[in-house]
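The values are calculated or read from the model by the stated rules, or taken from the named source; none is laboratory data. Everything numeric here is computed off the predicted structure, so don't read it as measured data. Every residue, glycine as well, gets a Cβ built from its backbone with ideal geometry; the counts of neighbours run over all protein chains shown. For accessibility, only protein heavy atoms count, side chains too; no ligands or nucleic acids. Shrake-Rupley method; radii C 1.70, N 1.55, O 1.52, S 1.80 Å.
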Amino acid sequence: MAIHFETEPDLQGRFGEFGGKFVPETLMQALTELEQAYQNIKQDPHFFEEYRALLKSYSGRPTSLYKAPHLSERWGGKAKIYLKREDLNHTGAHKINNAIGQALLAKRMGKKNIIAETGAGQHGVAAATVAAKFGLNCKVFMGEEDIARQSLNVFRMKLLGAEVIPAKSGSRTLKDATNEAIRYWVTHVNDCYYLIGSVVGPHPYPRMVRDFQRIIGDETKEQMMALEGKLPDKIIACVGGGSNAIGMFYPFLNDEEVQLFGVEAAGKGTETDQHAATITKGKPGVMHGAMTYVLQDDEGQIQEAHSISAGLDYPGVGPEHAHLAYTGRVKYQCATDAASLDALQDLCLTEGILPAIESAHALAEAKNQAQQADEGDVIVVNLSGRGDKDVHTLQTYLDEEGTA
C-alpha cells in the first residue's frame, strides 16, 4: 500500500516541531518579502523554464547516473552500485543547482548585492559564479580554518570577483561564518540578498533550497527506471546541513520500498567529542533561525563540531532532516574520518573517480550496505561533489597515516 509522507512546512514554516523563524525582528520583514517572492515565482512557469534551461546549458544537467561495476565487485559483488554524478556539475558540486535558482530570484526581487557563507568552499564558489554571470556584487563569509583548508576554492572565489571575508571567532568554521553572514544581513537587509547554501536557517530557506535541489532526485528516479526498470532499493547521501541529501531524498519520500540513508560525520568517533553527528548525538534546539537538532552541552551551549571534511563540521542540521529522523522515514548513520577516506580510496582505485570528502561519508555507508546486500540489490550513492579541493587535506592525512 502506498504511503503518503507529508513534508511540506506548515504556515509557520515548521516540519513537525522543527523549523520556523527564530530571528531578530529586523529580519522578519526581509523573510516575509522573500517568502512572498518565492510564492510568486512558484506560480510562474517562465521562472522555472529559465531555471531549467540554465541547469541544462550552463551547469551541464542532467548529470549521469553511473553504474560502478568495479566498486560493486570490490565491495562484495552482490549489490549493483550506482553513483549520481553531481560532481560533474559546473563548479564541481550540487551547490550550483540552488545558487542558480536563488540568483534568479534575487534578480526578480531587484537585489544587486548577495552575500553567502561557505564551509568547504563549494557553495562560495557557486555563489561567486552566479554573481559573476548575473552581474551581482558578492561577499562570501568563510571561517579562517576553512580558508586555510580550502585555499584553492578561496582563490577561485576571488578570481570570480567575490570578496572573501574571514570569520575569526569560535572554531573559525562554517558555524562562525554563518553567524557573521547573519550579522551583516541584519545591517544591510534593504539592499542585500542572503543566498543560503543549505537547507538550514529560517523559513522559507529550508523549503526553497530543497525545491531547487530536488532536481537530483527527480533525475535519479527517471534514470533508474530507464536503466533498471525499477526504483533503487537503497539511496545514500552525506548530511552536513543536508542540501544534497534532501534534494535526492525528497522525490522518493512516498516510495516506501526505497530505503533512505543520511550519513553524518563521526569524525574521530561518536564516543569522543570530536564529531559532527548532529542527529545521532544532538538535542532539539534553536540554531541560525530554526528549531532543529543541535550539538549542545547540558546548559544548551552549542558545541564545536569536528570532521576532516570542511563541508560537514556543522553542529546543526536542516529542520526537514530533523523531522525525517524523528518520524523514522530516513535512517541517519555515521561514518568516521578513517572509514570515509578508506571508501574514497576504493572509489579512486576501482573507478578512477576522486570524490569530495563529504561524499566519501556516503560511500562509507554504501560499503556497509553492499556487504550486507542480497543478490541484485540496487544502491544509489549521491556523489555530491568532486575532490579536487580536498587534495591537500588528503595528502596531509595519508602522509600522517603513512599510507600515501
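A few notes on this one:
- Gaussian network model of the chain, springs between alpha carbon atoms under 10 Å - residue of Ala148, Ala335, Ala93 with greatest fluctuation: Ala148
- Separation between Cα centres of region 27-45 and region 136-167, rounded to whole Å: 28
- In this structure, the pairs whose alpha-carbon distance is over 29 Å, taken from Lys56/Lys230; Lys21/Lys42; Lys221/Lys331; Lys95/Lys221; Lys67/Lys281; Lys21/Lys133, are Lys67/Lys281; Lys21/Lys133.
- Three-way shape call for region 255-404 based on the alpha-carbon gyration tensor, with the a/c threshold at 1.5: oblate
- Solvent accessible area, Å² - Arg85, 1.4 Å probe, full protein context: 30
- For region 167-222, trypsin sites (Lys or Arg not before Pro) meeting the loop criterion (DSSP other than H, G, I, E, B) and having at most 13 other Cβ atoms within 10 Å: Lys168.
- Set of aspartates and glutamates near Lys175 by C-alpha distance (under 18 Å), chain-local residues within fewer than 8 positions excluded: Glu117, Glu144, Glu145, Asp146, Glu264, Asp273, Asp297, Glu304, Asp313, Glu358
- For region 74-162: rounded, prolate or oblate by the Cα gyration tensor [a/c cutoff 1.5]: oblate
- Inter-part distance where region 197-241 and region 309-348 are each reduced to a Cα centre, Å: 15
- Within the same chain, lysines fewer than 8 places from Lys168 are excluded, and of the rest, those with a Cα less than 18 Å from its Cα are Lys139.
- Among Cys192, Cys334, Cys238: highest mean-square fluctuation, GNM of the chain, C-alpha pairs under 10 Å: Cys192
- Based on DSSP H segments of at least four residues, each scored -39500 (n - 2.57), the chain has a per-residue ellipticity at 222 nm of -13000 deg cm²/dmol.
- Placing unit charges on each Cβ (+1 for Lys and Arg, -1 for Asp and Glu) gives the chain a dipole about its Cα centre, and among Ile379, Thr32, Ser72 the Cα reaching farthest toward its positive end belongs to Thr32.
- Accessible area ranking (1.4 Å probe, heavy atoms, ligands and nucleic acids excluded), largest first, for Lys95, Lys268, Lys283, Lys139: Lys268, Lys283, Lys139, Lys95.
- Accessible area per residue in Å² at 1.4 Å probe, computed on the chain: 39
- The figure for Phe134 is an accessible area of roughly 30 square angstrom, using a 1.4 Å probe on the protein chains alone.
- Computed from the Cβ-Cβ distance with R0 of 56 Å, the FRET efficiency linking Glu299 to Glu163 stands at 0.95.
- Lys, Arg +1 and Asp, Glu -1 on Cβ, resulting dipole of the chain about Cα centre, debye, nearest 20: 1240
- GNM remark for the chain: springs join alpha carbons under 10 Å apart, and the peak mean-square fluctuation among Met291, Met225, Met248 falls on Met225.
- Carbon and sulfur %, accessible surface of the chain computed with the full protein complex present, 1.4 Å: 49
- Gyration tensor (alpha-carbon) shape descriptor, region 320-373, a/c threshold 1.5: prolate
- Cβ-based charge dipole, the chain, positive-most Cα from His323, Thr220, Ile279: Thr220
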